[in-house]
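Shown next, in structure tokens, is the structure this report addresses.
The values are calculated or read from the model by the stated rules, or taken from the named source; none is laboratory data. If you're wondering where the values come from, they're calculated on a predicted model, not measured in any experiment. Note that we place each Cβ from the backbone using ideal geometry, even for glycine, and neighbour counts take in every protein chain shown. When the accessible area is computed, the model is the full protein with side chains, heavy atoms only, and any ligands, DNA or RNA have been set aside. Shrake-Rupley method; radii C 1.70, N 1.55, O 1.52, S 1.80 Å.
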Amino acid sequence: DLEWLGVDFDQIIYKSDRLQLFYDYAEEFLKNGWAYVCTCDSETLRENRREGIECEHRDQSPEENLRKWNKMLKGEYGEGEAVVRLKTDMQYDDPAFRDRVLLRISELDHPKVGENYHVWPMLEFSWAIDDHELGMTHILRGKDLVMEDKMEKYMWDLLGWEHPEILHNGLLGIEGIKISTSDSKRKIEQGVYSGWDDPRTWSLKSLKKRGFEPEAIRNFVLSFGMSETSVTVPV
């Protein structure tokens, strides 16, 4: 799709190839007391965050956190039984910023690495590491990801790293149409849609099949600029 649109990219990075890097930084966070391993159930975690109550695991020693971390890596905890959480202010105005999860356990079969790994980084943690390690100077993202900005900046400050510039853009919607890749994927698998080029997916492949030229789509998208204002347009 990118090649069809004439979008040049330097390289493709697979996070699943960089898991050991994320693990190394996770250990650094645990050793420095910046994070801890929490074994609360998900409902308790949500309730404590909502009420601003510190989890009973928050004051564990680095040694205890590393012991539990190694159990996570060895698969001795099941999915949902243990997570690594970042220590933030539990009285922070936005409950969503309080002690957010950095890494969790997933037992899904990964399409690239299979079942070789049990512990996976959340987006904010992997982004914070990658944006520094890969030498990013500018980060482009939708304005709906402001919380991720806060998380990255918080972790960069802990690590003593400079902040790349973050630029936001508004979201582009089409009147009366809900674009959902997960919903389209499910319907393709169920045989409801014929494939990604089915017009109902509103994917780039479907536009290509309809006869849209890539230059037209490029000009249409670029005409909105880098404004943070979300735009909804008629078909």
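Quick notes
- Normalised by the number of residues in the chain, the mean separation of alpha-carbon contacts (under 8 Å, six or more apart) gives a relative contact order of 16 percent.
- Share of carbon and sulfur in the accessible area of segment 61-181 stands at 49%, probe radius 1.4 Å.
- Subtracting the Cα-Cα distance of Lys74 and Leu108 from 0.36 nm times their residue separation leaves 10.7 nm of extension gain.
- For segment 107-142, GluC sites (Glu not before Pro) are listed when DSSP marks them as loop and at most 13 other Cβ atoms sit within 10 Å of their Cβ; the list is Glu107, Glu115.
- Taking the helices alone, the chain has a mean residue ellipticity at 222 nm of -11000 deg cm²/dmol, built from -39,500 (n - 2.57) per DSSP H run of at least 4 residues and averaged over all its residues.
- In terms of its C-alpha gyration tensor, segment 74-147 has an oblate overall shape, because the principal axis ratio a/c (a ≥ b ≥ c, square roots of the eigenvalues) is not below 1.5 and a/b does not outweigh b/c.
- Cα-only Debye scattering, segment 96-235: base-10 log of I(q)/I(0) at q = 0.12, 0.15, 0.22 Å⁻¹: -0.76, -1.08, -1.23
- Amide hydrogen neighbours beyond the local backbone of Gly142, cut-off 5 Å, H modeled: Asn169
- Share of alpha-carbon pairs per 10 Å distance bin for the chain, given as whole %: 6, 23, 30, 25, 13, 2, 0
- In range of the label at Lys178: residues from segment 191-235 whose backbone nitrogen is under 12 Å from the point 7 Å along Cα→Cβ: none
- Protection-proxy order for peptides 157-170, 29-42, each taking the mean of Cβ atoms within 10 Å per residue, highest first: 29-42, 157-170
- Site pair Leu5 and Asp94 shows an inter-label distance of 2.6 nm when each label is modelled 7 Å from Cα along Cα→Cβ.
- Total lysine pairs whose alpha carbons fall under 27 Å of each other in segment 113-235 (8 or more apart, or interchain): 14
- Accessible surface for the chain, divided over its residues, is 60 Å² per residue with a 1.4 Å probe.
- Where both bridge residues fall in segment 104-187, DSSP classifies roughly 45% of the beta bridges as antiparallel.
- Counting DSSP beta bridges with both ends in the chain, the antiparallel % (nearest 5): 60 percent
- Sites matching trypsin sites (Lys or Arg not before Pro) across segment 99-129 that sit in DSSP coil, with at most 16 neighbouring C-beta atoms within 10 Å: Lys112
- Among Trp161, Pro234, His132 the positive-end extreme of the charge dipole of the chain (Cβ point charges): Pro234
- Measuring nothing but how far apart in sequence close Cα pairs (under 8 Å, 6+ apart) lie, relative to its length, segment 1-131 scores a relative contact order of 23 percent.
- Between the beta carbons of Gln20 and Lys205, assuming R0 = 30 Å, the FRET efficiency works out to 0.30 to the nearest 0.05.
- Springs join every pair of Cα atoms under 10 Å in this Gaussian network model of the chain, and among Asn70, Asn116, Asn48 the largest mean-square fluctuation is at Asn116.
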